[in-house]
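Colleague: Here you go, one structure.
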2 protein chains.
Amino acid sequence: MADKKMGITQRKEREKEEMRRLILAAALRLFRERGYDGVSIRNIAEAIEYSPGTLYLYYQDKSEIFFALQYEAAAVKRDYLLPVADIEDPWERLVEFGRRYVEFGMKHPDLYDLLFITRAPMEYIENQECWKLGLATHSFFKETVQACVDRRYFKSTDTETIAYTLWCHAHGLVSLFVRERMRMYPEDIRQELALKSFDMIVKMAGNL
Amino acid sequence: MADKKMGITQRKEREKEEMRRLILAAALRLFRERGYDGVSIRNIAEAIEYSPGTLYLYYQDKSEIFFALQYEAAAVKRDYLLPVADIEDPWERLVEFGRRYVEFGMKHPDLYDLLFITRAPMEYIENQECWKLGLATHSFFKETVQACVDRRYFKSTDTETIAYTLWCHAHGLVSLFVRERMRMYPEDIRQELALKSFDMIVKMAGNL
DNA sequence: TTGATAAATGAACAGTGTTCATTATTTTTG
DNA sequence: CAAAAATAATGAACACTGTTCATTTATCAA
């Protein structure tokens, strides 16, 4: 009797999880197309053919759906960056980390936006799992910079400032792109310009 | 008779202008506090003690109020940067331009947000006066970089990429700050870190 | 003072996030 | 298997949103 109950509980839990994934998938697709504010709970409900009220049985409110997506984005980003951990040489690791960071932003502008640009209730974000994930990635980045400092790849030994400076450039690069502030450059050279700029900062970094 | 009528027309025009300024001032204050989406037309109307419908006699819709504010922001930024035009030496001019750009972003995060981060209907923005103003400033920036290139202040001669790279860093610096993505650094060192990073990029730039 | 013109109003429309009593379904019990 | 209990889904309702427009109010010219 108890084990039968367990089986059902498990199935229920699985169904609940499936429902959550259904909601999230629809939400991501809609957010992608129309942005966070352009999408209503009713829109999402309609997309999955449920009533609006049902969504509130799986997520407390709209922002919780947002947070769930933000976590997914952080996971995708981590997976995108993870392979560089295998690169032994810290300098090569750092360059590849940067290259992949920018590539992630270019390929998934909606996810990048979710993670680094969208104005969410940031008072709460620190308590989210997502934040921990992001922090871990940031720590890995700083450790790589530290390893470069230890091997005298830079002139400066101020790891914190070096890491931050590199991050600033990469974030600026991606976010100008994502938020369409490069319209003064013809569309076909934007991507190229971004790549050239990345190469430039890499060369510069040797003189940091 | 005609001149009397003219006087009245002028006064009317002036009053209309005053009303616009009243709306804009209230809107900016509210946007500052609660963000674009957090403020309703009714909120603005209430703040200036008029009915919601009245605002539509002065602005076509909510986004036009946004555009008007964006223009104001562009004007403030231009005035903030203008004094550097007097600096003869292009390198000094460039550094001071960057310093002021960052300072502007830090002092007026709401205006910076309006100009470079907020998702506005960007399809229309190019037709706005604001865009022209921004373009002019960007051109001035690129000309200064060009002047530095001409005087061999950089190793590279790729003016476009150099300008873009510097802009990326400055924008990244400010926007991480403005959108609160520096929470992993203790609050009291954030500003300091930003300044250190700016100094670092200045030193680096000599090796661009 | 009256008639014309302009300005301000606020009710109304279709949308939003969210709640909750009601209904439908599924699971457990007798 | 039928009845009871538990769970899930619903959609109407509430207070909000941007926007429009017939109506009212205020200003101005004759």
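Colleague: Please name the residues of region A:159-176 whose accessible area, counted over protein heavy atoms with a 1.4 angstrom probe, falls by no less than 30 Å² between the chain alone and the full protein assembly.
Modeller: Buried by 30 Å² or more upon assembly, which counts only protein chains, are A:Glu160, A:Thr161, A:Tyr164, A:Thr165, A:Trp167, A:Cys168, A:His169, A:His171, A:Leu176.
Colleague: Give me the dipole magnitude in Debye, nearest 20, for the protein assembly as shown about the Cα centre, with unit charges on the beta carbon: positive for Lys and Arg, negative for Asp and Glu.
Modeller: It comes to approximately 380 debye.
Colleague: Treating the angle as unsigned and between 0 and 90°, give the value, to the nearest 10°, between the Cα long axis of helix B:159-178 and the longest Cα principal axis of chain B.
Modeller: That works out to roughly 60 degrees.
Colleague: I've got another one for you. What 222 nm value per residue comes from the helices of chain B, counting each DSSP H run with n ≥ 4 as -39,500 (n - 2.57) and dividing by all residues, nearest 500 deg cm²/dmol?
Modeller: It lands at -24500 deg cm²/dmol.
Colleague: Measuring with a 1.4 Å probe in the full set of protein chains, what accessible area per residue, in whole Å², belongs to region A:61-152? List each step's numbers first, then the result.
Modeller: Working: 4320 Å² over 92 residues.
I get 47 Å² per residue for this part.
Colleague: Compare the peptides B:107-114, A:146-153, B:64-71 by average per-residue count of other Cβ atoms within 10 angstrom and give them in order, highest first.
Modeller: Values: B:107-114: 19.5, A:146-153: 15.0, B:64-71: 21.0.
Descending mean neighbour count gives B:64-71, B:107-114, A:146-153.
Colleague: Pop out the carbon and sulfur fraction of the accessible area of region B:62-208 as a percent, whole number, probe 1.4 Å.
Modeller: That fraction is 52 percent.
Colleague: If you don't mind, another one. What value in Å³ per residue do you get for the convex hull of the alpha-carbon atoms in the protein assembly as shown?
Modeller: Convex hull volume per residue, Cα atoms: 195 Å³.
Colleague: Continuing with the same structure: Would you tally the net charge around A:Glu18, using a Cβ to Cβ cut-off of less than 13 Å, leaving A:Glu18 out, and scoring K and R as +1, D and E as -1? Before the final figure, lay out each step's value.
Modeller: Working: positive: A:Arg11, A:Lys12, A:Arg14, A:Lys16, A:Arg20, A:Arg21; negative: A:Glu13, A:Glu15, A:Glu17.
Around A:Glu18, the surrounding residues sum to +3.
Colleague: Further, regarding this structure: How big a patch of accessible area, both sides summed and in Å² to the nearest 100, lies buried between A and B at a 1.4 Å probe?
Modeller: Buried: approximately 4600 Å² between B and A.
Colleague: Ok, one more. Hey, which lysines would be in cross-link range of A:Lys12, C-alpha to C-alpha under 22 Å, not counting anything within fewer than 8 residues on its own chain?
Modeller: Within reach: A:Lys4.
Colleague: If I model a spin label at B:Asp150 and A:Asp86 as a point 7 Å from the Cα along the Cα→Cβ vector, what separation in nanometres do I get?
Modeller: Reported label-point gap for B:Asp150 and A:Asp86 is 5.2 nm.
Colleague: What does the average come to when, for each residue of peptide A:145-158, you count the partner chain Cβ atoms lying within 10 Å of its Cβ? Provide the component values of the computation, followed by the final result.
Modeller: On the way: counts 0, 0, 0, 0, 0, 0, 0, 0, 0, 0, 3, 4, 0, 4.
Mean shielding by partner chains, rounded to a whole number: 1.
Colleague: I'd like to know which of B:Phe66, A:Tyr59, A:Leu69 lies farthest towards the positive end of the charge dipole of the protein assembly as shown, counting +1 on Cβ of Lys and Arg and -1 on Cβ of Asp and Glu.
Modeller: Checked the options; the winner is A:Tyr59.
Colleague: Tally Lys/Arg at +1 and Asp/Glu at -1 over every other residue whose Cβ is under 10 Å from the Cβ of A:Tyr80; what's the total? The partial results should precede the final answer.
Modeller: Numbers: positive: A:Lys77, A:Arg78, A:Arg100, A:Lys107; negative: A:Asp79, A:Glu103.
In short, +2.
Colleague: Name the residue from B:Leu81, B:Thr137, B:His169 whose Cα lies farthest towards the positive end of the charge dipole of region B:62-205, charges +1 on Cβ of Lys and Arg and -1 on Cβ of Asp and Glu.
Modeller: B:His169
Colleague: While we're here: Averaged over its residues, how many other protein chain Cβ atoms are within 10 Å of peptide A:195-205's Cβ atoms?
Modeller: Average per residue, whole number: 5.
Colleague: Residue-wise, which Karplus ³J(HN,Hα) couplings in Hz belong to region B:72-83, taking 6.51 cos²θ - 1.76 cosθ + 1.60, θ = phi - 60°, and x for glycine or proline?
Modeller: Couplings: 4, 4, 4, 5, 4, 4, 4, 4, 5, 8, 3, x Hz.
Colleague: I've got another one for you. Can you give the FRET efficiency to the nearest 0.05 for B:Ile48 and B:Ala75, using r as the Cβ-Cβ distance and R₀ = 25 Å?
Modeller: Details: r = 22 Å, r/R0 = 0.88.
E(calc), rounded to 0.05, equals 0.70.
Colleague: In addition: Assigning unit charges at the beta carbon (Lys, Arg +1; Asp, Glu -1) and nothing else, what dipole magnitude in debye, to the nearest 20, does chain A show about its Cα centre?
Modeller: Details: 31 positive and 33 negative charges, 40 e Å.
Its charge dipole is roughly 200 debye.
Colleague: Using the structure shown, list the pairs from A:Lys77/B:Lys203; A:Lys62/A:Lys132; A:Lys132/B:Lys77; A:Lys62/B:Lys132; A:Lys142/B:Lys77 with a Cα-Cα distance above 30 Å, or answer none.
Modeller: A:Lys77/B:Lys203; A:Lys132/B:Lys77; A:Lys62/B:Lys132; A:Lys142/B:Lys77
Colleague: Follow-up question, since we're still on this one. Calculate the FRET efficiency for A:Leu22 and A:Glu103 from the Cβ-Cβ distance with a Förster distance of 22 Å, rounded to the nearest 0.05.
Modeller: E(calc), rounded to 0.05, equals 0.15.
Colleague: Can you give the extra length, in nm with one decimal, that the chain gains between B:Glu33 and B:Lys203 once fully stretched, where that is 0.36 nm per residue apart less the Cα-Cα distance?
Modeller: This chain segment gains 57.5 nm when fully extended.
Colleague: Which translational diffusion coefficient, to the nearest whole µm²/s, is obtained for region B:62-205 from the Stokes-Einstein equation, given a Kirkwood hydrodynamic radius over C-alpha pairs, 25 °C and 0.890 mPa s? The partial results should precede the final answer.
Modeller: Numbers: Rh = 16.1 Å.
Translational diffusion coefficient: 152 µm²/s.
Colleague: A further question on this structure: For A:Ser40, which inter-copy label distances result when the label point lies 7 Å beyond Cα on the Cα-to-Cβ vector, reported in nm to one decimal and in ascending order?
Modeller: Its label point is 1.4 nm from the equivalent points in the other copies.
The values are calculated or read from the model by the stated rules, or taken from the named source; none is laboratory data. Quantities reported herein were computed from a predicted structural model and do not represent experimental measurements. Every residue, glycine among them, receives a Cβ derived from its backbone with ideal geometry; neighbour counts consider all protein chains shown. Just so you know, the surface numbers come from the protein's heavy atoms only, side chains and all, with ligands and any DNA or RNA stripped out. Shrake-Rupley method; radii C 1.70, N 1.55, O 1.52, S 1.80 Å.
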